[in-house]
Amino acid sequence: MRRRDVLALGLAAVSAPLFMQRAFAQKYPDRPIRLIIPFPPGGGYDAVGRPWAERIKPLLGTIVVENQGGGGSSLGAAAAARARPDGYTILLGGSSTHITEAILKNRPLYDPMKDLEPISNIAVAAFALVINPAVPAKTLQEFIDYAKANRGKLSYGHAGVGSLNHLTGELFKSLADLPDLVQVPYRGSGPATSDTIAGQVAMVTPAVTSQLIEFHNGGKLRILAVTSPARLIAAPEIPTAIETGLPGMVSQQLIGLFAPAKTPAAIIDQIGQANRKALAEPAYQKLLIDSGFEPDIGSTSAKFRQVLTDDIAKWAPVVKAIGVKID
């Protein structure tokens, strides 16, 4: 075989996978896409995922939403990680699916940074430091002072051991020097919030939702501060914990899209572009904001991966300090 023929064959072999990937992307999608939400129906992830599935339909076709709860998001995320990397199974995941597996388990079901490819984030949810209105504190500093004057007598509720709500509460305890603020785990934020309204616990650390803001405005609860870097668009009158004197009190939950590792880059980019286009619509932005979320309009795969990496690094020392493992 002549040398130029050998070179031509080698070039064809190298370029074939790239050509096939482009051809595959050009006809993608040609059937419905499965969106796995790794929590039961009715929670915050549903509040993001189901409207997203409707908004994205003109851009990507039919999205079939499948709730796979269990294991604190681990089971659904593991199912997505094991799916064929062809773009027809994507995961609605984020801080919960990644922090839990990366630093809270001795035997993780998947490697969140290797087995799942970030596509694009959709929204950011802040947490809140919330008290029963009977507690004599109007500000976060007043609550800290009250808790220090009543050491060992106050407790806070959270969504479960190892949840971001729990880690948020423990970060607050550390920064406010309240080691004896007793943590009470619940099976979800709903029961913890209900018990705070009833006065069973003094404080709760839920994610901000439209319902939580309604409880605050109606006097059932008092939001002392939110844990975002800046005040929320949906509730600009509520200060951040940073403003109240706790500069490190930042805790947010990312909720975005992932694909199984080795999904073609062209498909990752196509889904990401569609997501950014949907998020650019003012009506969709308003829907998310009214639900208590902040749209992440400019998110890319690289940016999403970096924020998740930073999140894991941030929470690792908190988890080590409280010595919690969930398996």
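For ALA128, only one of the following conditions fails: (1) touching a His at 6+ places or on another chain (Cβ under 9 Å); (2) assigned to a helix (DSSP H, G or I); (3) under 15 Å from ILE242 (Cα atoms). What is its number? For ALA128, the exception is condition (2). Within the option set ASP111, ASP145, being surrounded by fewer than 22 Cβ atoms within 10 Å (Cβ to Cβ) and more than 30 Å from LEU35 (Cβ to Cβ) holds for one residue only, ASP145.
Residue pairs whose Cβ atoms lie under 9 Å apart, separated by 6 or more positions or on different chains, with the first residue in segment 252-272 and under 21 Å from ILE297 (Cβ atoms) and the second among the acidic types (Asp, Glu) and buried (at least 20 other Cβ atoms within 10 Å of the Cβ), are GLN252/ASP311; LEU254/ASP296; LEU254/ASP311; ILE255/ASP296; GLY256/ASP296; PHE258/GLU117; ALA259/GLU117; ILE268/GLU117. Here segment 209-227 is the region considered, the condition is being of a type in the set (S, T, N, Q) and part of a loop (DSSP other than H, G, I, E, B), and the residue that is surrounded by the fewest Cβ atoms within 10 Å (Cβ to Cβ) is THR209. Restrict the check to segment 174-185 and report whether at least one residue is in a loop (DSSP other than H, G, I, E, B), touching a residue at least 60 places away in the same chain (Cβ under 8 Å), touching a helix residue (DSSP H, G or I) at 6+ places or on another chain (Cβ under 9 Å) and polar (S, T, N, Q). Taking every residue of segment 174-185 in turn, none turns out to be in a loop (DSSP other than H, G, I, E, B), touching a residue at least 60 places away in the same chain (Cβ under 8 Å), touching a helix residue (DSSP H, G or I) at 6+ places or on another chain (Cβ under 9 Å) and polar (S, T, N, Q). Being open to solvent by less than 10 Å² (accessible area, probe 1.4 Å) and either within 15 Å of the chain's Cα centre (by Cα) or not small (Gly, Ala, Ser) (or both) holds for only one residue in PRO191, PRO179, PRO206, and it is PRO206. Candidates in segment 129-142 are the residues that are in contact (Cβ under 8 Å) with a residue 60 or more places away in the chain and open to solvent by 10 Å² or more (accessible area, probe 1.4 Å); of these, the one that is nearest to GLY71 (Cα to Cα) is ASN132. Is it the case that some residue within segment 289-309 is of a type in the set (Gly, Ala, Ser), modelled with pLDDT under 95 and out of contact with any helix residue (DSSP H, G or I) (no Cβ under 9 Å at 6 or more places or on another chain)? No, that holds for no residue. Highlighted here are the helices (runs of 4 or more DSSP H) found entirely within segment 3-117 that include at least 3 residues which are of a type outside the set (A, V, I, L, M, F, W, C) and either under 27 Å from ILE297 (Cβ atoms) or modelled with pLDDT under 95 (or both): 3-27, 44-60, 95-103.
The values are calculated or read from the model by the stated rules, or taken from the named source; none is laboratory data. All values reported here derive from a predicted model rather than from experimental measurement. Virtual Cβ from ideal backbone geometry, glycine too; neighbours counted across all protein chains shown. Ligands, DNA and RNA are excluded from the accessible area calculation, which covers all protein heavy atoms including side chains. Shrake-Rupley method; radii C 1.70, N 1.55, O 1.52, S 1.80 Å.
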